[in-house]
Every structure is written in C-alpha cells, then in structure tokens.
1. Name the residue that is farthest from Gln193 (Cα to Cα), counting only residues in segment 35-67 that are open to solvent by less than 50 Å² (accessible area, probe 1.4 Å) and among the hydroxyl-bearing types (Ser, Thr, Tyr).
2. Counting only residues that are surrounded by 14 or more Cβ atoms within 10 Å (Cβ to Cβ) and small (Gly, Ala, Ser), which one in segment 68-112 is farthest from Leu160 (Cα to Cα)?
3. Looking at segment 115-148, which of the residues that are within 14 Å of the ligand (Cβ to nearest atom) and in a loop (DSSP other than H, G, I, E, B) is nearest to Thr180 (Cα to Cα)?
4. In segment 6-34, which residue that is under 10 Å from the mean Cα position of the chain (by Cα) and more than 14 Å from the ligand (Cβ to nearest atom) is surrounded by the most Cβ atoms within 10 Å (Cβ to Cβ)?
5. Can you tell me which of Ala90, Ala67 is modelled with pLDDT under 95 and not assigned by TED's automatic domain parsing to the domain that holds Ala121?
Amino acid sequence: MQVIGLTGGIGSGKSTVAHLFAVRGIPVIDTDHIAHALSTPPSPLLSVIAETFGSDHLLPDGHLDRAKLREQVFHNPQAKQALEAILHPAIHHDVTQQLARLPATTPYALVVVPLFFETGAYYDVVTRVLVVDCDEQTQLARVLSRPGLSKETTQAIISLQATRQQRLSGADDVIQNTGTLDLLEEQVNALHQHYLGQS
Ligand code: ADP
C-alpha cells in the first residue's frame, strides 16, 4: 500500500490538507495527535516523563502540564532531546501499528509528520513525501491569526524547522498553499486521483 508522508512548516496548511484527504475517505494518521494521546492519562509514558522531568510537570489531576513542559524544552535542547527520546519511538510504533490494522482494500494512507525532514525517522514508513509549501510571511500570518503563539515564538519555531528549500528538495509531490482554499482543494483532488491511479 502506498503511504504518503505529509509534511510542511508550521501554518503551511498540513491539517487543512489532511482534512481534505480524510473527507475523501483516506485514512489519516497524525503523529501530533498520537503524541497528544500518548501523553494523556492513562499512559505509561506519563510516569516516564514525570521521572525524567520531575513530578511537578504533572498537574494535580494527573494530566501533563503541557505549558510548563513546552516552555522547558523550548529553552533547553537537552530537555528537548530527552522528551523526544521518550516520545518518538512510541509514536513511530503507534503509526506502524495503525497502518498494519488498515483494511487490505485501503487504496493509500496519509501519515502527517510535521518534522519529517528534521527527524528523518519516517523514511521507513512512507513510500512518498508530500510537502505543503508556502512562504514564511504566509506561515506567520496564518499562525498569528489563531490564538496561542506570539510572533516571536512563531518566528523562532520557523527558524528551527527545515527551510522551505530543504523541504522542496526532499519532496516527491508538492502542494502550493499560497492561494485560496478553493485552489488548495483543486490540488488535493488532482493528487488524490493520481494516488488512486497508482494503487
Ligand atoms: P498546519 O497544520 O500546517 O500548522 P493549518 O492547516 O492548521 O496549518 O493552517 C493554518 C491556518 O491557516 C488555519 O487557521 C487554516 O484554516 C488556515 N489556512 C490554511 N490554508 C489556507 C488557505 N489556503 N487560505 C486561507 N487560510 C488557510
């Protein structure tokens, strides 16, 4: 079965694209969703996180203090590495299990890996890499139009991620998401037909 790895920078439109494939009946496995699920109780990974970072990283109700952990890993590369060492193998394992459970009739599947090129950890899982591309100004504007991240934090995240050029040079397929949502949907339609034709 063809497995498409979907990637792109923050605010490029990955979730929007993933949704457009999902409504066409394509199974979407999202590594961010898995990371969230694996760090929500009950999860054995939570105790590993508490052992590594301290039990003050858990809230009184046993949930992860995500804001505290995010803040810590953002400013401390060693802490970031430690968290990734806990989470990444478990996420990868979950992805392969979900793929293995798909019905044999599945034409193709999508795995959303925001940090595909940065981690290099999903080449063994995917058969093609689909990049959602857009310029940094558009990324920034889209992220800032939602509540949550400041301009400074968003710029810092963008600068830590792979460059547009790095992504484009590693892409098998590219969706340009600099225009309207209609134009985005047209491209998803064309790629969907293309992938169906290959299955
Ligand atoms: P990512 O998952 O890559 O961070 P999202 O799919 O969440 O990006 O998109 C970021 C924001 O930009 C969302 O609010 C989304 O609705 C919006 N968006 C995405 N593509 C477009 C587009 N072509 N036109 C207008 N808004 C868009």
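1. Going through the qualifying residues, I end up with Ser43.
2. Ala109
3. Cys134
4. So, considering only residues that are under 10 Å from the mean Cα position of the chain (by Cα) and more than 14 Å from the ligand (Cβ to nearest atom), the one surrounded by the most Cβ atoms within 10 Å (Cβ to Cβ) is Ile29.
5. Values: Ala90 fails: modelled with pLDDT under 95.
Of the residues listed, the single one that is modelled with pLDDT under 95 and not assigned by TED's automatic domain parsing to the domain that holds Ala121 is Ala67.
The values are calculated or read from the model by the stated rules, or taken from the named source; none is laboratory data. The shown structure was predicted, so the numbers you read here are calculated from the model rather than taken from an experiment. Ideal geometry is used to build each Cβ from the backbone, glycine not excepted, and the neighbour counts take in all protein chains shown. These accessible areas exclude ligands, DNA and RNA; they are computed on the full protein's heavy atoms, side chains included. Shrake-Rupley method; radii C 1.70, N 1.55, O 1.52, S 1.80 Å.
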